[in-house]
1. Once the convex hull of the C-alpha atoms of segment 335-399 is built, how many Å³ does it hold per residue, rounded to a whole number?
2. How much of the accessible area of segment 323-384, probe 1.4 Å, is carbon plus sulfur, in whole percent?
3. Quick check for you: with a 1.4 Å probe and neighbouring chains kept, what is the accessible area per residue of segment 69-112, in Å²?
4. Viscosity 0.890 mPa s, temperature 25 °C: what is the translational diffusion coefficient of segment 184-298 from Stokes-Einstein with a Kirkwood Rh over Cα pairs, rounded to a whole number of µm²/s?
5. Equivalent-ellipsoid semi-axes (√(5λ), Cα gyration tensor) for segment 278-399, whole Å, largest first?
6. Which shape class applies to segment 97-169: rounded if a/c is under 1.5, otherwise prolate when a/b exceeds b/c and oblate if not, where a ≥ b ≥ c are the square roots of the Cα gyration tensor eigenvalues?
7. Efficiency by 1/(1 + (r/R0)^6): what FRET value for S269 and D379, r their Cβ-Cβ distance, R0 = 51 Å, to the nearest 0.05?
8. Quick check for the chain: number of Lys pairs with alpha-carbon distance under 14 Å, counting only pairs 8 or more apart or on different chains?
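The values are calculated or read from the model by the stated rules, or taken from the named source; none is laboratory data. Just so we're clear, the structure is a prediction, and the values are computed from it rather than from any experiment. Cβ sites come from the backbone with ideal geometry, for glycine too, and all protein chains shown count toward neighbours. All accessible areas refer to the heavy atoms of the entire protein, side chains included, with ligands and DNA or RNA removed. Shrake-Rupley method; radii C 1.70, N 1.55, O 1.52, S 1.80 Å.
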Amino acid sequence: MDQARAKSFANVGHDEAVRRAAELIPLLRENAAEVEQARRMTPAVEAALHRSGLLRYLQPKAWGGMELDYVASVDIPEMLGRGDASIAWNVANLATHHRTLALFPEEAQREVWEENPDALIAAVIIYPQGKARRVEGGVVLSGNWNFCSAVNGAGWNLLAAMVIEDGKPVDWIQCLLRAGQYKIVDDWQTMGMRGTGSSSVKVDELFVPAYRVQSMATALPGHAFAGVTANPNPMYRLPTSALGPHAIGSSIVGAAQGALDLTIESVKSRSTNTTGARMRDFQTVQLRTGLAGAKIDAARLILRNDCVEASRIFAHGPVPLETKLRYKRNVAAAIRLAVEAVDMLHEMAGANGIYDQAPLQRIFRDVRAASNHIHFSTDMQMTVWGNVALGGEFKSQTL
């Protein structure tokens, strides 16, 4: 364990964590082009994040983490997203995976965090892409998983799978693997969000001991998380499948806010090339700026409100299925608002927004790329909630 990095952040509160995130915005903007070219977090950015403790805001205090309320999973990536959407996306993922590990058996927690409390844990939570069969002492895992964000440089990985018996799924699990137990496929050549390094990973017939396996099928009778005895904070048991998209989605909202901030800064000092008229005096510019700002504020409030409301509901009992689906509906709507805002601002930038060195051009690509995540599909998320709201049925073992 690197003793220089084994620092406790247990005394860092929400406001201080957000302040630290805001302080990193200039560094993230300065390094964004290099991060994009490298297709991963660069050493300078990763080191700054470790120093700030912002990769550990959902880690249990017992292991030196901040253990903040779940709304931090929106507030911190949103702030970081103003500097670089890819870094914010990776932080949202990596921080959330500390939260997931807190649900695993204590032996798994000790194995990771005793070795390095700053450990980076990647994950792919797409259950059908992995298959497992039960054997004595654990499971045998195989699969090919797409979109493993921040996998390069991560020391561990959480890979989802369905346990198959007699040709049918009987459990939905996540398996904790050490780096080197899976193959990284260098296939992350994309239009945007390049800095997330979300390459694919492969596993073929790997034995995973039982203490590194946790069932996530909360709808199965008798389901229990092994780690909740040591980590009783209700935050750890909030429904990730309903609220997890809010964490990564907040990086898109943050990027939209970054686009607005850059636009306002530019317009204040800019005149047109053809007439010399001040841009800020055009009512159309004022209108677009105002509408973009309103859409971004609305998107941010939607994401925050869901997290705050779910925490309040969960304090008194389980979150109802329709409510969970409403949260999934809401995050898709919020991301659409953020995309619309960035589209308006990028169009307003005109030819100045098409150069590779223009930050707004990268933000436009990042937001468009990130918004294609399945959790942000209005076609899917609106219709599923609408079906249940109108009396239809919906079943999910992991929601």
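1. Per residue, the Cα convex hull of segment 335-399 comes to 91 Å³.
2. Ligands and nucleic acids excluded, carbon and sulfur reach 54 percent.
3. I get 17 Å² per residue for this part.
4. D, rounded to a whole number, is 124 µm²/s.
5. Output for segment 278-399: semi-axes of 35, 16, 12 Å.
6. Taking the square roots of the gyration eigenvalues as a ≥ b ≥ c, segment 97-169 is oblate.
7. Efficiency at R0 = 51 Å is approximately 0.80.
8. 5
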